[in-house]
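Here is the structure we will look at, set down as structure tokens.
The values are calculated or read from the model by the stated rules, or taken from the named source; none is laboratory data. Note that the structure is predicted; figures quoted are calculated from it, not measured. FYI the Cβ positions are ideal-geometry reconstructions off the backbone, even for glycines, and counts take in every protein chain you see.
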Amino acid sequence: MSLVTPISLLRLTRSTGALSPERADDVVVTESPLEVRVEGRSIAVVMRTPGHDRELAAGFLLSEGVISTRQDLFDITTCDEVPADGGAVEVLLARPEGLDMASLTRHVFTSSSCGVCGKASIESAMRSHAPLPVPPAPSLAAELLFDLPEKQRAAQPVFSETGGLHASALFDFTGELLITREDAGRHNALDKVTGAMLLAGRLPLSETILMLSGRTSFELVQKALAARIPVIAAVGAPSSLAVQLAQECGITLCGFLRSGRCNIYTHPERLLGV
């Protein structure tokens, strides 16, 4: 399935007080449902941009606390018996006998702009994932943060075509881009990043920076915590719960990172030069 969908539209322009309509062809980002199954049972339907579906499922299960390493997975496959406008992944666990399926199956419907999906509490997040240690001395140069938005933007090919995608990018502490993923949903893009790193056996991500193309919600901080990402930077604003969770779980949270400016909301002691 294509990442973009052709459409016809009416383009309206205003010039010298007059309106000029014009028919035009364009493309928009594709959004379609993905069913996530664990041990044969459906646990969630995620509205996502097609592509990297195995990574998306792995990242989703990581943030839900179902898995924590690549070794927790026996297999993860895409399913063929699905409609043309959707998709499904089947996840088999290495130790399925330890899974509480009754608590896992929540019949979750996750839209591409989804928030916390009924788990909006600091306590719930902290029970699933332990806080990160904050180093006694700075471990990251604050100066390199300002180059990240441009590097991320250069790695967003579909956004350049449609203008309608979020992105999550992962950098190391020298500012080198490790991976980037795009999706109509902010949380899906991050799940694809953490899922890809999990499948590659590269967790925990304890010396990485997460760069977000939009705002930072509670859920995105929770997903970063699950992957053990210590620094989050975003071009947009954080929510109050995102700031609170980042403070309590030891994550350095930066927002409004653009045009040579940045707000540091939590744990600036991790950054050298501030």
Residues (among the β-branched types (Val, Ile, Thr) and modelled with pLDDT of 95 or more) located in segment 194-234: Thr194, Thr208, Ile209, Ile229, Val231, Ile232
For segment 100-140, how many residues are in contact with a strand residue (DSSP E or B) (Cβ under 6 Å, 6 or more places away or on another chain), modelled with pLDDT of 70 or more and surrounded by 16 or more Cβ atoms within 10 Å (Cβ to Cβ)? 1
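Take the residues in segment 24-83 that are among the polar types (S, T, N, Q) and assigned to a loop (DSSP other than H, G, I, E, B); name whichever of them is modelled with the lowest pLDDT.
Thr30
Could you run through segment 16-49 and say how many residues are more than 24 Å from Leu61 (Cβ to Cβ) and among the β-branched types (Val, Ile, Thr)? Full working, then the answer.
The first filter runs over segment 16-49 and keeps only residues more than 24 Å from Leu61 (Cβ to Cβ), leaving 16-29.
With the extra rule that they be among the β-branched types (Val, Ile, Thr), the set shrinks to 16, 27-29.
Total meeting the criteria: 4.
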Residues located in segment 232-274, provided they are surrounded by 16 or more Cβ atoms within 10 Å (Cβ to Cβ) and either assigned to a loop (DSSP other than H, G, I, E, B) or among the basic types (Lys, Arg) (or both): Val235, Ser239, Gly250, Ile251, His267, Arg270
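Could you list, in sequence order, the residues of segment 209-219 that are closer than 16 Å to Ile179 by Cβ and crowded, with 22+ Cβ neighbours inside 10 Å? Give the steps one after another, and end with the answer.
Narrowing segment 209-219 to residues closer than 16 Å to Ile179 by Cβ: 209-213.
Hits for segment 209-219 are Ile209, Leu210, Met211, Leu212.
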Here is a list of conditions, (1) at pLDDT 65 or above; (2) surrounded by 13 or more Cβ atoms within 10 Å (Cβ to Cβ); (3) of a type outside the set (Ser, Thr, Tyr); (4) in a helix (DSSP H, G or I), and Glu143 meets all of them except one; can you say which number that is? (2)
Quickly run through segment 167-210 and pick out the residues that are under 20 Å from Pro135 (Cα atoms), outside any strand (DSSP E or B) and not hydroxyl-bearing (Ser, Thr, Tyr). Phe173, Gly175, Leu203, Pro204, Leu205, Glu207
